[in-house]
């Protein structure tokens, strides 16, 4: 399997990690046994990092991982990343809190659920406009000094914010959605990560299932859910995107690999600074993802994928107006 640095000062890890949002029923029902089977199979295949968050299932994802670690004796064979800052105000509205008190309180809860004393990577899940990013870096450095975290990361930030943060101390990783259907990081974020030695950790690299052999079908998600209200999976866009992405499934059949394999390999082929953390509830689907991280893709195949799904092919914005509150806008 391909291996890459998790930040200039960080460890070398498998280029593909496990995105553990899928352990929290976000994409559909999942049992603890299914999640544990994924962790077992990934470890056997050489995967050695996992990504979770305090808000994935409101602690369910972290608890599931912690139970798996406890069965193994407590010590983690995975490098563990988690996140904090997404919360609710007094009226129940989603908001963000980057205060040092909130971050440490939430981190302490994550450590307890995971059953560990420290995490290898701690992300600010979303920026809080009340705090300058330099202030937030100082808060994170204080957590590191206490031995609770090793490396520092941010999710969904702009290249300019990354440069400001890195001027205070190295930022190991920036997490951003990146796939054949979401190409925004190419407009400055990938380049900035390369220049600073920061890993770009790509999530949803299989397009939330759209870039697979068994994409979700119209009506699969409740209208009020995240997926049911997402512009790419609602209205007529879902049907349009199924039709458009068939070109990649045709290519996968011609090449003789699963479609998800091509999607993962394409993302990893865009820069040596990129890692990816797809999520899955299925060990069978995990094997398809793993194939995409086995080696670098033939440049001619990369070009053919670009021809089949050129930039701008996908119908609808990646997030609704409400879902877009939090990620930093750039370009």
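The values are calculated or read from the model by the stated rules, or taken from the named source; none is laboratory data. What you are looking at is a predicted structure, and each value in this text was computed from that prediction instead of being measured. All Cβ positions, even for glycine, are placed from backbone atoms using ideal geometry, and neighbour counts span all protein chains on display.
With respect to residue 252, is the statement that it is closer than 16 Å to residue 312 by Cα, in a helix (DSSP H, G or I) and modelled with pLDDT of 95 or more true? No. Residues of the stretch 258-278 include none that is at pLDDT below 95, part of a loop (DSSP other than H, G, I, E, B), over 18 Å from the mean Cα position of the chain (by Cα) and surrounded by 15 or more Cβ atoms within 10 Å (Cβ to Cβ). Residues in the stretch 106-136 that are surrounded by 16 or more Cβ atoms within 10 Å (Cβ to Cβ) and within 15 Å of residue 171 (Cβ to Cβ): 120, 121, 122, 123, 124, 125, 127, 133, 136.
Scanning the stretch 287-301 for residues being touching a helix residue (DSSP H, G or I) at 6+ places or on another chain (Cβ under 9 Å) and in a helix (DSSP H, G or I) gives a total of 6.
Residue pairs whose Cβ atoms lie under 6 Å apart, separated by 6 or more positions or on different chains, with the first residue in the stretch 106-118 and touching a residue at least 40 places away in the same chain (Cβ under 8 Å) and at positive phi and the second in a helix (DSSP H, G or I) and buried (at least 20 other Cβ atoms within 10 Å of the Cβ), are 115/66. Here 284, 317, 263 are screened, and the one residue that is over 15 Å from residue 3 (Cα atoms) and in contact with a helix residue (DSSP H, G or I) (Cβ under 6 Å, 6 or more places away or on another chain) is 317. Hey, any hits in the stretch 92-114 for a residue that's at pLDDT below 95 and in a loop (DSSP other than H, G, I, E, B)? The answer is yes; a qualifying residue exists. Condition first: touching a helix residue (DSSP H, G or I) at 6+ places or on another chain (Cβ under 9 Å) and surrounded by fewer than 19 Cβ atoms within 10 Å (Cβ to Cβ). Now tell me which residues in the stretch 87-100 satisfy that. Within the stretch 87-100, 87, 99, 100 qualify.
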